[in-house]
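The values are calculated or read from the model by the stated rules, or taken from the named source; none is laboratory data. What you are looking at is a predicted structure, and each value in this text was computed from that prediction instead of being measured. Methodologically, a virtual Cβ is constructed for each residue, glycine included, from the backbone with ideal geometry; neighbour enumeration extends over all protein chains shown. In case anyone asks, the SASA skips ligands and DNA or RNA and just uses the protein heavy atoms, side chains included. Shrake-Rupley method; radii C 1.70, N 1.55, O 1.52, S 1.80 Å.
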Amino acid sequence: MAISPSHLTLQSQRLGPLPLVNHVLRRLGLDTVLARALPESRRQHVSHAKALGVLLRSVLVEREPVYRQQETVATFAPNAFGLDVDEVEQLSDDAIGRALDRLFDADRGSLLTQVVVAAVKRFDLSLDELHDDSTSIKFTGQYRGARGRRVRGKRAPAITHGFSKDHRPDLKQLLFILTTTSDGGVPVQFRSADGNVSDVVTHEETWDALCKVTGDPTFLYVADCKLCNDDAMNHIDRRRGRFLTVLARTRLEDREFREWIQTHEPPWETVRDAENPRRQDGPRDHWRAFRHRLPSKEGWPVFWLSSTLLALQQEQSRRERIARAEQQLDQLQQQLSGSKARRRKHEDVADRVQAIVDGQGVGRWLVVTIQGTENHRYRQATPGRPGPNTRYVRRTKRGWALEWHVDENMIAYDRRSDGMYPLLTNDRSLTVAEAFAAHRRQPAIEKRFAQLKTVFEIAPVLLKNEARVEALFFVYFLALLVQALIERELRRGMAAAGITDLPLYGEERACRRPTADQVFRLFSHATRNVLLHRGREVRTFHPQLTDLQRDVLRLSGIPTSVFSRRS
């Protein structure tokens, strides 16, 4: 049959990095797990599992709000989002909202366990060492009804004011608790908590949930100093668990060591000696550590660390804070001694001085005294030219004068232990090097929080129902999991191939630790062209991949055929 050129049309379908995302989702079996966990209704045109799959892929690739999902999917090849043409037309924000409702009602704990177990088996993840931390997610609405009420028989989180890690105490928030592996920082546990919940009380529940995922309590649980409380540590220790945390500065062991080190030299051993991570010409990043001969009050080992860069930073910070406090005291002195200064009570002046000292945290090094002053002025008692018998009247103006000095002895005392802090563990078999290495991997979880807030732009959350918000957070956890797996596979492939960097930055500059966002940007323009004759497909032109794109796929263990799949 002859084909008339006038009846031919060329249709472009965006793919972007969705083939990579779909490959990872297929390995996890996530779409199948969601379909089994979320019951469907006969009246719905798009299943809950597919609606959540669309939202998950959108969070990873486009990051559009819920009400714009249909517009977003329409610009891509429909099957890239797991939908056909008819389902795209039926996709609406109501459909996604109802899917979030079903996700909230479902057993998300079991769902999370299934997904993580699949990730462990199919991506060979190690669960021997897990790192936990939390961050706050800010909300800009009132959320007057989000007070921990029960929604369809399940308690929803309370969106309320609390300690804001975003430095926005004026906004309400929720707590986002995340646990990652030491092997690539892959998220394996997540839950949200009320906005005013302290990190101190979250570790017991988190550790219990991790035991269900791992099936064994002997993994090393690493967290910050919020774990250093009797309830959480004893809870883990009594159940044969292992933990590593920073010993709180308020503990007696910390004060005793800082007194002891004034006249003793610990048996330090070097555990790290590397170039300055920020400045090529800066001092080296040198770490020392040793196991203290005295255990903690519980009888557990205490490791002390010492960092040269941290010591320099603390010294500079101390001097800067003292300088700022002196400037503020000088301004206060000018106000007290000015010509129009009014009489103030001693208590008022003392409160203002204390506010300055406490605000800068220099109470240990800056000594301030308040002294009363009297300024006498004499004038004639009667008008007229003064003479030998003129009587004068003295008028006294009372005020306050501030005097301060820096206690150099106290500074020298604190400088002796600058850059030092202790670690506490109940694992007596840990060596100094092992404890330091595990602790050094803890800040990697902050990269996941940075992805959550900058790359995924989780705030503002444009949802009013707190139950849907909690379900949406679960979707963001799945997005973090997918991104972390893509990053991990690429970096492992680079290490196995002996490749130190890839030209993924602008102007083909070298990137030593590629992120998933950079990989997605590399494939953002991937497009499939379909030649149609009278609406029927004649031929498909798959994306022509560049050499760099092929290298990234090869190193990530992803076949190039993912860009020629139709589903």
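Computed values, structure above
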quantity	calculated
Residue check, S12 small (G, A, S) and part of a helix (DSSP H, G or I)	no
Single match in F563, F473, F520 (criterion: within 30 Å of L175 (Cα to Cα) and touching a Pro at 6+ places or on another chain (Cβ under 7 Å))	F520
Check on A381, without any contact (Cβ under 8 Å) to a residue 24 or more places away in the chain, hydrophobic (A, V, I, L, M, F, W, C) and in contact with a Ser or Thr (Cβ under 9 Å, 6 or more places away or on another chain)	yes
Filter result for the condition that a residue is β-branched (V, I, T), open to solvent by 40 Å² or more (accessible area, probe 1.4 Å) and touching a strand residue (DSSP E or B) at 6+ places or on another chain (Cβ under 9 Å), over I370, I356	I370
F123 among the aromatic types (F, W, Y), at pLDDT 90 or above and closer than 16 Å to L480 by Cα	yes
Single match in A99, A156 (criterion: touching a Leu at 6+ places or on another chain (Cβ under 6 Å), of a type in the set (G, A, S), open to solvent by less than 10 Å² (accessible area, probe 1.4 Å) and on the phi < 0 side of the Ramachandran plot)	A99
Some residue of segment 361-373 being in a loop (DSSP other than H, G, I, E, B), β-branched (V, I, T), modelled with pLDDT of 85 or more and closer than 20 Å to S317 by Cα	yes
Tally, over segment 522-567, of residues that are open to solvent by less than 40 Å² (accessible area, probe 1.4 Å), outside any helix (DSSP H, G or I) and closer than 17 Å to P503 by Cβ	2
Test: residue in segment 333-346 that is hydrophobic (A, V, I, L, M, F, W, C) and modelled with pLDDT of 95 or more	no
Hits in segment 496-521 - residues which are touching a strand residue (DSSP E or B) at 6+ places or on another chain (Cβ under 8 Å), in contact (Cβ under 8 Å) with a residue 24 or more places away in the chain and not aliphatic (A, V, I, L, M)	P503, P514
Whichever residue in segment 413-430 is in a loop (DSSP other than H, G, I, E, B) and touching a residue at least 12 places away in the same chain (Cβ under 8 Å) and, among such residues, is most open to solvent (accessible area, probe 1.4 Å)	R428
Residues satisfying the stated conditions in segment 468-496, i.e. more than 21 Å from P514 (Cβ to Cβ) and not hydrophobic (A, V, I, L, M, F, W, C)	R468, E470, Y476
Candidates R385, R379, R395, filtered to the one that is open to solvent by 90 Å² or more (accessible area, probe 1.4 Å) and in a loop (DSSP other than H, G, I, E, B)	R385
Complete set of residues in segment 398-412 that are open to solvent by 90 Å² or more (accessible area, probe 1.4 Å) and closer than 14 Å to K345 by Cα	R398
Unique residue being polar (S, T, N, Q) and part of a loop (DSSP other than H, G, I, E, B) when the list is T179, T218, T245	T218
Sole residue being in a helix (DSSP H, G or I) and closer than 22 Å to V186 by Cα, chosen from A484, A467	A484
In segment 136-150, residue nearest to V201 (Cα to Cα) [restricted to those that are part of a strand (DSSP E or B) and open to solvent by less than 10 Å² (accessible area, probe 1.4 Å)]	S136
Of all residues making up segment 23-48, the number that are in contact (Cβ under 8 Å) with a residue 40 or more places away in the chain, open to solvent by 10 Å² or more (accessible area, probe 1.4 Å), in a helix (DSSP H, G or I) and not charged (D, E, K, R)	4
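Conditions tested, residue by residue: (1) open to solvent by less than 30 Å² (accessible area, probe 1.4 Å); (2) touching a residue at least 40 places away in the same chain (Cβ under 8 Å); (3) under 21 Å from H439 (Cα atoms).
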site: R288; (1), (2), (3): no, no, yes
site: T308; (1), (2), (3): no, yes, yes
site: L312; (1), (2), (3): no, yes, yes
site: R318; (1), (2), (3): yes, yes, no
